[in-house]
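Participant: Could you have a look at this structure, given as structure tokens, before my questions?
The values are calculated or read from the model by the stated rules, or taken from the named source; none is laboratory data. Bear in mind the structure is a predicted one, so any value in this text is a computation, not a measurement. A quick note on method: Cβ atoms are made from the backbone with ideal geometry, for glycine too, and the neighbour counts reach across all protein chains shown. Protein only, heavy atoms only, side chains kept; ligands, DNA and RNA dropped before computing areas. Shrake-Rupley method; radii C 1.70, N 1.55, O 1.52, S 1.80 Å.
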Amino acid sequence: MKQGFPEGFLWGGATAANQCEGAYKEDGKGLSTADVMTAGEKGVPREITKRIDESKYYPSHQAIDHYHHFKEDIALFAEMGFKCYRFSINWTRIFPNGHEAEPNELGLKHYDDVIDTCLQYGIEPLVTISHFETPLGLLQYNSWQNRRVVDFFLNYAETLLKRYKGKVKYWITFNEINVMSTKPWMAGGIESNDEQDTMTAAFHQLLASAKTVQMAHEIDPQNKVGMMYAGHIAYPNSPDPEDMQMTMDFMHKMLFYCDVQCRGYYPAYKLKEFERKGIELPLHAGDLEDLKNGTVDFLSYSYYLTHVVGKETSLDFQGLNGVKTGYTNPSLDKSDWGWAIDPKGLRYSLNYLYDRYQLPLMIVENGLGAIDTIDENGDIHDSYRIDYLKEHIREMKKAIDIDGIPLIGYTSWGPIDIISASTGEMSKRYGFIYVDVDDNGNGSFKRMKKDSFYWYKKVIESNGEVL
Ligand code: BGP
């Protein structure tokens, strides 16, 4: 039986429009929630303001100016041998306020050029339709708490599916759709501490996703549409069954998003929770059929770290909805930003998710945010990033060779340095390519190849054999 990564494995990298494009008001683009969020205390974007405070620096306003550098950047990705480039289309470039009937042609033209540039190099575009870029214009409707936003999203998705029919075959509806439960202001632009509001918004996104899957298959049967999960995988802090129960509760808080999109219905544990809490799903006639008929073709997820959950766990990582969790795992090292480094956990997560859903899997974010320095010769020796990625790719290979997991692709996060979502910083660098811009947006924007650029090129050339 053939060992190793399958022929046609989609090696590549992933970005998000709001974290790389900049040009936040160019060519008719409207404001998205990412454009009015600053890095709050401890560098975490907080509530969304309705306007821009001219005295502040907003990372998304220029980011690394990928909007004007995309040809150069994609050429560098092609030099590494990319088979796939995951990027998001910024909703507000296409519908500036989110609710217009007709699209902004200049916005569509930009992504025509990005997609054509990918295809020119034989790179498969993997388009994230919504990646934390909710139009500010939708806040007047209370954003995703309002069912009308489902229709606005479907109009946007249909515009893309028809415009790029035959050019884009791989789609993701929402980036890390479960982040609606952990950082709703980032995932959907809603500002509410009421769980009913959050679960209503989550339902509307899940419904929008399911209807988009059906539409994508009608428009082009070749379309493959995936869901995307922020892979919050956890271990119990001790063999105490109570810690195991807490770990399962932690996992369930976000796995239900995957259950709905991969199985087509809300799981019993979630419906029982809703009953206990008096939470009502805002169902209309036909919704449950839409969920059932709109299950995804593949499950994609981001994998950076694993959690430890239990009665005694430290609160390094703010408890998610009261569940005690933390990055403090004594058997794991941490990144410069305190994220547990757990390559073996990646193989565990692949098995866990495949066992649960029996769908093709794709890792669409994995990477090490680190401090990079340029030496006296102008070189960037990021051996720590090579080590991180090498170990994670080794575990992916075991998942394929030993566990028989149908892994179809790997797009590492930030193939080029881009803005960190959780901190708003440039200094948390992920790329194989360094970009000369600092945390305040100052620099030459020059692109420079790190050691990992040459290393990843060899990995792809050998289809994962040379690590
Ligand atoms: C994920 C997001 C990405 C990216 C990544 C890295 O949650 O989908 O957009 O930001 O996290 O995290 P950070 O940028 O905070 O280091």
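Participant: Carbon-plus-sulfur fraction of the accessible area of segment 329-446, 1.4 Å probe, in percent?
Facilitator: 48 percent
Participant: Quick check: net charge around D259, other residues with Cβ under 10 Å of its Cβ, Lys/Arg +1 and Asp/Glu -1?
Facilitator: Net local charge, D259 excluded: +3.
Participant: Using the heavy atoms of the protein chains and a 1.4 angstrom probe, tell me the accessible area per residue for the chain in square angstrom.
Facilitator: I get 38 Å² per residue for this part.
Participant: Using label points projected 7 Å from each Cα along Cα→Cβ, tell me how many nm separate S444 and I219, to one decimal.
Facilitator: The answer from the label model is 4.2 nm.
Participant: A follow-up question, please. What order, most packed first, do the peptides 129-139, 425-435 have when packing is the mean number of other Cβ atoms within 10 Å of each residue?
Facilitator: Highest mean packing first, the order is 129-139, 425-435.
Participant: Same structure again: Residue by residue, what Karplus-based ³J(HN,Hα) values in Hz, rounded to whole numbers, does segment 26-32 have, using 6.51, -1.76 and 1.60 with θ = phi - 60° and x for Gly and Pro?
Facilitator: With the stated coefficients, segment 26-32 comes to 7, 6, x, 5, x, 8, 9 Hz.
Participant: Next question. Compare M251, M244 by solvent-accessible area with a 1.4 Å probe and give them largest first, with all protein chains kept in place.
Facilitator: Largest accessible area first, the residues go M244, M251.
Participant: Hey, can you grab everything whose amide H is under 5 Å from the amide H of E425? Only 5+ residues off in sequence or another chain; H modelled, so Pro and N-termini drop out.
Facilitator: Answer set, sorted by chain and number: S420.
Participant: Report, in debye and to the nearest 20, how large the dipole of the chain comes out about its Cα centre when Lys and Arg carry +1 and Asp and Glu carry -1 on their Cβ.
Facilitator: For the chain, the charge dipole is close to 780 debye.
Participant: Hey, what did the chain get for relative contact order, percent, Cα under 8 Å, at least 6 apart?
Facilitator: Relative contact order of the chain: 18 percent.
Participant: Spelling out what I want: for every residue of segment 211-221, take phi, set θ = phi - 60°, compute 6.51 cos²θ - 1.76 cosθ + 1.60 (Karplus), and round to whole Hz; glycine and proline get x.
Facilitator: Couplings: 5, 5, 4, 4, 5, 4, 5, 5, 5, 8, x Hz.
Participant: For R147 and A101, FRET efficiency with R0 = 22 Å and r from the beta-carbon atoms, rounded to 0.05?
Facilitator: Step by step, r from the Cβ atoms, then E = 0.80.
Participant: Give the percent of DSSP beta bridges with both residues in the chain that are antiparallel, rounded to the nearest 5.
Facilitator: 20 percent
Participant: Here is a further query. Around E391, what is the net charge, scoring Lys/Arg as +1 and Asp/Glu as -1 over all other residues with Cβ under 15 Å from its Cβ?
Facilitator: +3
Participant: Also, quick follow-up: Pull out the extension gain between D113 and D403, defined as 0.36 nm times the separation in residues minus the alpha carbon to alpha carbon distance; nm, one decimal.
Facilitator: 100.4 nm
Participant: Work out the charge dipole of segment 10-461 with +1 on the Cβ of Lys and Arg and -1 on the Cβ of Asp and Glu about the Cα centre, then indicate which of L154, T198, H217 is farthest towards its positive end.
Facilitator: Result: H217, furthest along the dipole toward the positive end.
Participant: Would you list which aspartates and glutamates come within 12 Å of K458, measuring only between C-alpha atoms, while excluding same-chain residues fewer than 8 positions from it?
Facilitator: Straight-line reach from K458, under 12 Å: E79.
Participant: From the residues I172, S412, V437, which one has its Cα farthest along the dipole of segment 10-461 in the positive direction, the dipole being from +1 and -1 charges on Cβ of Lys/Arg and Asp/Glu about the Cα centre?
Facilitator: I172
Participant: Can you list the lysines whose alpha carbon is less than 29 Å from that of K272, not counting same-chain residues fewer than 8 positions off?
Facilitator: Straight-distance partners of K272: K183, K211, K253, K292, K311, K324.
Participant: Same structure again: Could you please put T182, T15 in sequence from largest to smallest accessible area, using a 1.4 Å probe?
Facilitator: T182, T15
Participant: Using amide H atoms built 1.01 Å from N in the peptide plane, name the residues 5+ places from I172, or on other chains, whose amide H lies under 5 Å from its own.
Facilitator: Long-range HN contacts for I172: V127, T128, I129, G226.
Participant: Separate question: At a probe radius of 1.4 Å, what is the per-residue accessible area of K50, in Å² to the nearest 10?
Facilitator: 130 Å²
Participant: Structure shown: which of K428/K449; K2/K169; K109/K450; K2/K397; K428/K450; K224/K344 lie over 21 Å apart, alpha-carbon to alpha-carbon?
Facilitator: K2/K169; K109/K450; K224/K344
Participant: What FRET efficiency do you get for M248 and D297 if R0 is 25 Å and r is their Cβ-Cβ distance, rounded to the nearest 0.05?
Facilitator: Once the sixth-power term is evaluated, E becomes 0.35.
Participant: Here's a follow-up. Can you tell me the order of 192-201, 87-96 when each peptide is scored by its average per-residue count of other Cβ atoms within 10 angstrom, highest first?
Facilitator: Final packing ranking: 87-96, 192-201.
Participant: Tell me, what HN-Hα J-couplings in whole Hz come from the Karplus equation 6.51 cos²θ - 1.76 cosθ + 1.60 at θ = phi - 60° for each residue of segment 163-171, using x for Gly and Pro?
Facilitator: Going residue by residue, I get 5, 10, 4, x, 9, 9, 10, 10, 10 Hz, with x marking Gly and Pro.
Participant: Work out, step by step, the length gained on full extension between S238 and H284: first 0.36 nm times the residue separation, then minus their alpha carbon distance; give nm to one decimal.
Facilitator: Length difference between fully extended and current span is 12.2 nm.
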